[in-house]
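A.B. asks: A single structure is presented below for examination.
The values are calculated or read from the model by the stated rules, or taken from the named source; none is laboratory data. Just so it is clear, the model here is predicted, and its values are computed rather than measured. When we count neighbours, we look across all protein chains shown, and the Cβ atoms used for this are built from the backbone with ideal geometry, even at glycine. The area values use the complete protein model at the heavy-atom level, side chains included, leaving out ligands, DNA and RNA. Shrake-Rupley method; radii C 1.70, N 1.55, O 1.52, S 1.80 Å.
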Amino acid sequence: MTRWTVIGGGPCGIASVGRLVDLGYHVNWIDSSFTTGRLGKYYRNIPANTPINDLIYALKLCKSFQFEKHQDIRKSKGIKTISDGLIDKSIVHLPIDSNESIDNLGSYCMDLKYFCEALDDITNVLLENILVQSYRGIVTRIDQSNDWNIKITSNNNEEINLSTDAVILTCGSIPINSIANNISDIVNKKVEIHSLDNVVDSNKVSSYINNNNKSLNEVWCVVGSSHSAMLILKNLIDNNINNIVNIYKSPFRYQHYKEDEVVYPGIGLKGPVGEWTKNKFIHLNNINRIKYDENVSWDEYIEKYNIDHLIFAIGFQTNTLSNQSNYIINLDEPFFPIISINNQIVEYNKLNQYDILTGEINNYGSLFGGGIAYPQYHMYSNNTSEPWIGFKRSIEQIDLMIAVFNNKNRV
């Protein structure tokens, strides 16, 4: 039977391994820490934008997850779980200023930590599965002649080589921060640029402000109108930051239904942050919202609005070493390795050419991408599309990858 290799231990990697194991495949699974990826590292304390019912449904899709068993173990220890969100209002993000009785808590959202804790349990279960061979380390190179040959530098600095029939890259993405290159050195010394990872978490914002009291009276600028941008703006406002500038390019887009078709399921604002934006933020008068003008330089924006703190919330980019000039290189996180076909190194821009439904990269037939680095797209009836990622979709996409592999490799 085909041996698959999954690179990355975040939600998409977990989903991929779980579905492959359910189908009886042997899987090589490679990650440096197996701690739920960047989601588990940076985003546990932020509100999810997927309803509890939908998350629980996805977590039950793979038998190999043993989801309910480990929920019961946590409950027996008195630990709140994602399942408790169905009955416990205290851990659910309820509608703003709602005085109505809530009958269906599952239609609302919880903090991501409950989802992450379920993924922590699932990861440990999969690592013990007899069909899974795990490797703790970083993949540095992948070569294909007949099979794929994978080179790993283990956490113990040992070099490991293995062969596989098919590869799934779930190495994740990092926040786009390359615009910082357009800020002059002189101006850059006047403004503090904050990583998105450190300001989507309200607790981290509070800690920063407590240690830098003068920042309360300084000017903070958030660039973007995405879910992350609005969450950051909420965190700043909740922490009593009053001087806020929001530079945006696109208008707010909310997930909604139109003629039985979901609109903006991927990029649309939804969940607690979407509700806050629609019901609170748009009515605030003390936020200086500025439509982005490409003819205005970032130096000019910073000087004109006396910006002291700058945050870019404009999306994510593939996690490769080549784009980390403005990001701290952390070899504890997976990054996209060098890939060669018949001894010819494949340029990263070619690795970005992939099928938006199956995840097949550059028509190779046995190299696939998934998750936030290779998002599936939601197709509308008018032939337009938008990126749409999710745990359930990652599980379902594995069947499409297997079909492509079997078709092109005549299995």
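A.B. asks: Between region 130-146 and region 57-96, what's the alpha-carbon centroid distance in Å?
C.D. replies: Centre-to-centre (Cα) distance: 32 Å.
A.B. asks: Related question: Under 26 Å from the Cα of Lys392, which lysines turn up, not counting those fewer than eight places away in the same chain?
C.D. replies: Straight-distance partners of Lys392: Lys41, Lys60, Lys63, Lys69, Lys75, Lys80, Lys89, Lys113, Lys258, Lys270, Lys408.
A.B. asks: Hey, another quick one. Taking DSSP loops as anything outside H, G, I, E and B, show the longest stretch in the chain free of GluC sites (Glu not before Pro) there with at most 12 other beta carbons within 10 Å.
C.D. replies: Formally, the longest exposed-site-free interval is 159-258.
A.B. asks: Now for a different question. Cα centroids of region 187-223 and region 348-377: how far apart, whole angstrom?
C.D. replies: What the calculation gives is 35 Å, centre to centre.
A.B. asks: If you don't mind, another one. Express the relative contact order of region 1-101 as a whole percentage, based on alpha carbon pairs under 8 Å and six or more residues apart in sequence.
C.D. replies: The value is 23 percent.
A.B. asks: At 15 angstrom or more along the helix axis (alpha-carbon based) and mean Kyte-Doolittle of 0.0 or higher, what helices does the chain contain? Whole DSSP H runs only.
C.D. replies: Details: long enough: 11-22 (16 Å, 0.82); 112-127 (22 Å, 0.69); 227-238 (16 Å, 0.77); 391-409 (27 Å, -0.17).
Answer set is 11-22, 112-127, 227-238.
A.B. asks: Calculate the length of the line joining the C-alpha centroid of region 151-175 to that of region 243-260, in whole Å.
C.D. replies: The two parts, judged by their Cα centres, are 38 Å apart.
A.B. asks: Evaluate the relative contact order of region 28-159 (contact order divided by residue number), counting alpha-carbon pairs under 8 angstrom at least 6 apart; express in whole percent.
C.D. replies: 36 percent
A.B. asks: Still on this structure, I have one more. In square angstrom, rounded to the nearest 10, how much accessible surface does Thr318 have for a 1.4 Å probe?
C.D. replies: Spelled out: Thr318, probe radius 1.4 Å, area about 30 Å².
A.B. asks: Can you give the local net charge around Tyr248? Use residues other than it whose beta-carbon is closer than 12 angstrom to its beta-carbon, Lys and Arg +1, Asp and Glu -1.
C.D. replies: Numbers: positive: Lys249, Arg253, Arg289, Lys291; negative: Asp293.
That sum, taken over residues with Cβ under 12 Å, equals +3.
A.B. asks: In addition: What residues from region 112-134 fall in the zone where the backbone N is under 12 Å from a label point 7 Å along the Cα-to-C-beta line of Arg44?
C.D. replies: Counting backbone N atoms under 12 Å from the label point, the list is 112-121.
A.B. asks: Moving on. Using a 7 Å offset from the Cα along the Cα-to-Cβ direction at both Asn124 and Gln353, what is the distance between the two label points in nm, to one decimal?
C.D. replies: Here the answer is 4.5 nm between the modelled labels.
A.B. asks: Whenever you get a sec, compute what percent of the accessible area on region 28-155 sits on carbon and sulfur atoms (1.4 Å probe).
C.D. replies: Numbers: 2770 of 6150 Å².
Ligands and nucleic acids excluded, carbon and sulfur give 45 percent.
A.B. asks: Leaving out ligands and nucleic acids, and using a 1.4 Å probe, what accessible area per residue does the chain come to in Å²? Numbers along the way, then the final one.
C.D. replies: Values: 19810 Å² over 411 residues.
Accessible area per residue, the chain: 48 Å².
A.B. asks: Give the lysines reachable from Lys249 as a straight Cα distance under 17 Å; neighbours fewer than 8 places away on the same chain don't count.
C.D. replies: Lys291
A.B. asks: Right, next: Say each of Glu294 and Lys278 gets a label point 7 Å from the Cα, pointing the same way as Cα to Cβ; how far apart are those two points in nm?
C.D. replies: For the pair Glu294/Lys278, the computed spacing is 3.1 nm.
A.B. asks: I would also like to ask the following. With the contact rule set at Cα under 8 Å and sequence spacing of 6 or more, what percent relative contact order holds for the chain?
C.D. replies: 20 percent.
A.B. asks: So if each residue of separation counts as 0.36 nm, and I subtract the Cα-Cα distance between Lys304 and Ser381, what length gain in nm does that give? The partial results should precede the final answer.
C.D. replies: Details: separation 77, 0.36 × 77 = 27.72 nm, distance 4.40 nm.
Roughly 23.3 nm would be gained on extension.
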